[in-house]
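> Have a look at this one.
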Amino acid sequence: MSKAIDESITAVRAEMAQAARIARRKAAEVQLIAVSKTRSIEAIRPLLGAGHLVFGENRVAEAAEKWPALRAEFPDAELHLIGQLQSNKAGEAAAMFDAIHSVDRASLITALGKAIRANGKSPRCFLQVNIGAEEQKGGCAIADIPVLLDQAKQQSVNITGLMCLPPADVEPAPYFALLAELAERHGLKQLSMGMSDDFPAAILLGATHIRVGTALFGPRAR
Ligand SMILES: *Cc1c(COP(=O)(O)O)cnc(C)c1O
């Protein structure tokens, strides 16, 4: 493994462990998802080679280009979809991803339910919540959580937790705390929250899945 990625994953793991210790949680309760969007196969492979197996991509088409080759080499790799999903790609996504973090509307739940019944593969899903009620952002309104959870249950879409992306440039902790409260209220055990800039705060507030790109791979080209 290259020295740079070796050092960055060691540093991220150390910060995760410290946050877990402060929160009196077990470090193993928090899954690190290495966000590999925009990264080449060559950039991703060293991390897999070092034994890190859980990755996140934000686009179905990009994942379909990169991951068949990587999975042939590393069959135990686990792939999470963290970006918005169009209903017409639900079938492809359900077949390719082990988890989908961006379930956020009735039409997508219907499409996923159909895909799951057709191909028998049922990814773990997170309901994405638009936690800051931002107009331009994906995610369902807080008020819509109960009806979407009911619909998912009826259609055999396995929702195991909630996911959010808090508003940029403000203190994220209140939003993480709110997502944790909503999950608890609905009996959901998993929380996908926290990225490179704020994952320690997310762990303190109960994150079970953190999605970290830049802190592992360096800045993304724009
Ligand atoms: C890109 C992305 C991340 C990772 O962001 P970093 O700041 O690079 O850690 C996490 N979650 C989602 C939904 C993303 O699109």
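> Provide the per residue accessible area, probe 1.4 Å, for the stretch 16-95, rounded to a whole number of square angstrom.
Per-residue accessible area for the stretch 16-95 comes out at 48 Å².
> To continue, here is another question. Which one of 155, 18, 131 has its Cα pushed farthest toward the positive end of the charge dipole of the chain, where Lys and Arg give +1 and Asp and Glu give -1 at the Cβ?
With unit charges placed on the Cβ atoms, the residue in question is 155.
> Sticking with this structure for a sec: Need one word for the chain: rounded, prolate or oblate. Basis is the Cα gyration tensor (sqrt eigenvalues a ≥ b ≥ c); a/c below 1.5 gives rounded, then a/b vs b/c decides.
Taking the square roots of the gyration eigenvalues as a ≥ b ≥ c, the chain is oblate.
> Relative to a virtual label point 7 Å from the Cα of residue 134 in the Cα→beta-carbon direction, which members of the stretch 75-115 show backbone nitrogen distances below 20 Å?
Under 20 Å, as judged by backbone N against the label point of residue 134, lie 81-86, 101-105 of the stretch 75-115.
> Now a separate question. With +1 on each Lys and Arg Cβ and -1 on each Asp and Glu Cβ, and nothing else charged, work out how big the dipole of the chain is about its Cα centre, in Debye to the nearest 20.
Rounded to the nearest 20 debye, it is 460 debye.
> By the gyration tensor of its Cα atoms, with a ≥ b ≥ c the square roots of the eigenvalues, what is the shape of the stretch 51-114: rounded for a/c under 1.5, prolate for a/b over b/c, or oblate?
Prolate, since a/c reaches 1.5 and a/b exceeds b/c.
> Round to a whole number: what % of the accessible area of the stretch 69-222 belongs to carbon and sulfur, probe 1.4 Å?
52 percent
> Where is the GNM fluctuation largest for the chain (alpha-carbon springs, 10 angstrom cutoff): 33, 203, 22?
22
> Looking at the stretch 106-184, which trypsin sites (Lys or Arg not before Pro) are in a loop (DSSP not H, G, I, E or B) and have at most 15 other Cβ atoms within 10 Å?
121
> Using a Gaussian network model of the chain whose springs link C-alpha atoms within less than 10 Å, name the residue from 85, 205, 70 with the highest mean-square fluctuation.
Evaluated over the chain, the most mobile residue of the options is 70.
> In the Gaussian network model of the chain, springs joining C-alpha atoms below 10 Å, which of 52, 186, 101 carries the largest mean-square fluctuation?
Result for the chain, Cα springs under 10 Å: 186 fluctuates most.
> Accessible area per residue for the stretch 128-211 in Å², computed with a 1.4 Å probe and the full protein assembly in place, what is it?
47 Å²
> Assuming a ≥ b ≥ c are the square roots of the Cα gyration tensor eigenvalues, decide whether the stretch 150-206 counts as rounded (a/c under 1.5), prolate (otherwise, with a/b larger than b/c) or oblate.
Prolate, since a/c reaches 1.5 and a/b exceeds b/c.
The values are calculated or read from the model by the stated rules, or taken from the named source; none is laboratory data. None of the values given here were measured: they were computed from a predicted structure. Ideal geometry is used to build each Cβ from the backbone, glycine not excepted, and the neighbour counts take in all protein chains shown. The protein model used for the area step is the full one, side chains on, heavy atoms only, and it has no ligands, DNA or RNA in it. Shrake-Rupley method; radii C 1.70, N 1.55, O 1.52, S 1.80 Å.
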